[in-house]
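Enquirer: The structure under discussion is supplied below as structure tokens; questions concerning it will follow.
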Amino acid sequence: MRLDKYLSSLGLGSRKDVKKMIKGGRVRVEGRDKISPEISVDPKRDKIYADGALTVYREFVYIMLNKPKGCVSAAWDKKYPTVIDFVPEELRHLSLFPAGRLDIDTEGLCLITNDGALAHRILSPKSHVPKTYIAELDRAVTESDIAAFERGVTIDDGYVCKPAELEMIGGLSARIVIYEGKFHQVKRMFAAVGKNVLSLRRVRMGGLSLDESLRPGEARELTESELRSLENK
């Protein structure tokens, strides 16, 4: 990797900015006498210093966001704030995107990353990664609803959803686990059994659970154990 490209990937500035840093003598590569923007470096092996501080190369990042209502699951939008707006500013330069989508009025667990391979494994229909939601409804769930979800609900366009798990958790609250991700699927499934979803929150995806200490709009990086649980589904 070119030295200027590496430094820019760390968020130290544009390629033009880091070239000025290099030419100004503010960058040092251990073991190299001649430093220029175009020299090739191995970020995993070379010790590279910027303004006297050792740089740390990070190819991928994994961020958990407790998505609030009113923002869209996209990297950019001309009308609404996006989930990327809630990522710590020092990480926003890393070509991040949400792994999967939540509706604008749906809250809860949103995984943000720049690891396309992991996102594909999670989102691929062949992976059957379970996604757990808590729904507040206008009417209580019945045993008939639970049985219908277990069989596979037919939604408004005629699509028969894969079997899902539904349980009452008190009052008008219900927990649902689905294994696919059709557009507005949870809301459409409840509509098929005569229920309206008043609010919806995703609390688990694969083996990764929402950190309940995160308030809506708060984000943090995944721990090593959380990342392993996600990879293991």
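Enquirer: Can you tell me which condition residue 97 does not meet? The list is (1) touching a residue at least 40 places away in the same chain (Cβ under 8 Å); (2) under 21 Å from residue 226 (Cβ atoms); (3) surrounded by 15 or more Cβ atoms within 10 Å (Cβ to Cβ), and all the others hold.
Expert: Every condition holds for residue 97 apart from (1).
Enquirer: Would you please name the residue that is farthest from residue 93 (Cα to Cα), looking only at residues in segment 108-135 that are surrounded by fewer than 18 Cβ atoms within 10 Å (Cβ to Cβ) and touching a helix residue (DSSP H, G or I) at 6+ places or on another chain (Cβ under 8 Å)?
Expert: Checking each candidate, the answer is 127.
Enquirer: Tell me, which residue of segment 29-59 that is in contact (Cβ under 8 Å) with a residue 24 or more places away in the chain and part of a strand (DSSP E or B) is surrounded by the most Cβ atoms within 10 Å (Cβ to Cβ)?
Expert: 48
Enquirer: Checking residue 213 against (1) surrounded by fewer than 14 Cβ atoms within 10 Å (Cβ to Cβ); (2) more than 21 Å from the chain's Cα centre (by Cα), which test does it fail?
Expert: Result: residue 213 fails condition (2) only.
Enquirer: Name, by its number, the condition in (1) exposed (fewer than 14 other Cβ atoms within 10 Å of the Cβ); (2) assigned by TED's automatic domain parsing to the domain that holds residue 66 that does not hold for residue 138.
Expert: Looking at each condition in turn, residue 138 falls short on (2).
Enquirer: Here are some residues: 144, 225, 199. Which one is of a type in the set (S, T, N, Q), assigned by TED's automatic domain parsing to the domain that holds residue 68 and surrounded by fewer than 16 Cβ atoms within 10 Å (Cβ to Cβ)? Before you say what the answer is, go through the steps one by one.
Expert: Working: 144 fails: assigned by TED's automatic domain parsing to the domain that holds residue 68; 199 fails: assigned by TED's automatic domain parsing to the domain that holds residue 68.
Just a single option satisfies the conditions, and that option is 225.
Enquirer: Any residue in segment 198-205 that is touching a strand residue (DSSP E or B) at 6+ places or on another chain (Cβ under 6 Å) and assigned to a loop (DSSP other than H, G, I, E, B)?
Expert: Filtering segment 198-205 for residues touching a strand residue (DSSP E or B) at 6+ places or on another chain (Cβ under 6 Å) gives 198-205.
With the extra rule that they be assigned to a loop (DSSP other than H, G, I, E, B), the set shrinks to none.
Checked against the condition, which is being touching a strand residue (DSSP E or B) at 6+ places or on another chain (Cβ under 6 Å) and assigned to a loop (DSSP other than H, G, I, E, B), segment 198-205 yields no hits at all.
Enquirer: So which residues in segment 12-28 are in a loop (DSSP other than H, G, I, E, B) and in contact with an Asp or Glu (Cβ under 6 Å, 6 or more places away or on another chain), if there are any at all? Working first, answer last.
Expert: Quick first cut of segment 12-28, residues in a loop (DSSP other than H, G, I, E, B) only: 12-14, 24-26.
Result: 26, single match.
Enquirer: Now for a separate question. Taking the residues in segment 136-164 that are part of a strand (DSSP E or B) and in contact with a helix residue (DSSP H, G or I) (Cβ under 7 Å, 6 or more places away or on another chain) as candidates, determine which candidate is nearest to residue 227 (Cα to Cα). Walk me through it before giving the result.
Expert: Of all residues in segment 136-164, those part of a strand (DSSP E or B) come to 136-137, 154, 160.
Then drop every residue that is not in contact with a helix residue (DSSP H, G or I) (Cβ under 7 Å, 6 or more places away or on another chain), which leaves 137, 154.
Details: 137: 32, 154: 34 Å.
Among them, the one singled out is 137.
Enquirer: Closer than 30 Å to residue 181 by Cα, without any contact (Cβ under 8 Å) to a residue 40 or more places away in the chain and part of a helix (DSSP H, G or I): is that true of residue 4 in this structure?
Expert: So residue 4 does not fit the description; no.
Enquirer: List the residue pairs whose Cβ atoms are under 7 Å apart, where the first residue sits in segment 74-89 and is of a type in the set (A, V, I, L, M), the second is part of a loop (DSSP other than H, G, I, E, B), and the two are 6 or more positions apart or on different chains.
Expert: Filtered contacts from segment 74-89: 75/96; 83/71; 83/73; 84/75; 84/92; 84/96; 87/96.
Enquirer: Of all residues in segment 154-199, how many are over 20 Å from residue 123 (Cβ atoms), of a type outside the set (D, E, K, R) and without any contact (Cβ under 8 Å) to a residue 12 or more places away in the chain?
Expert: 3
The values are calculated or read from the model by the stated rules, or taken from the named source; none is laboratory data. It should be emphasised that the depicted structure is a prediction, and the values quoted were computed from it without experimental measurement. Please note: Cβ atoms are built from the backbone with ideal geometry, for glycine as well, and neighbour counts cover all protein chains shown.
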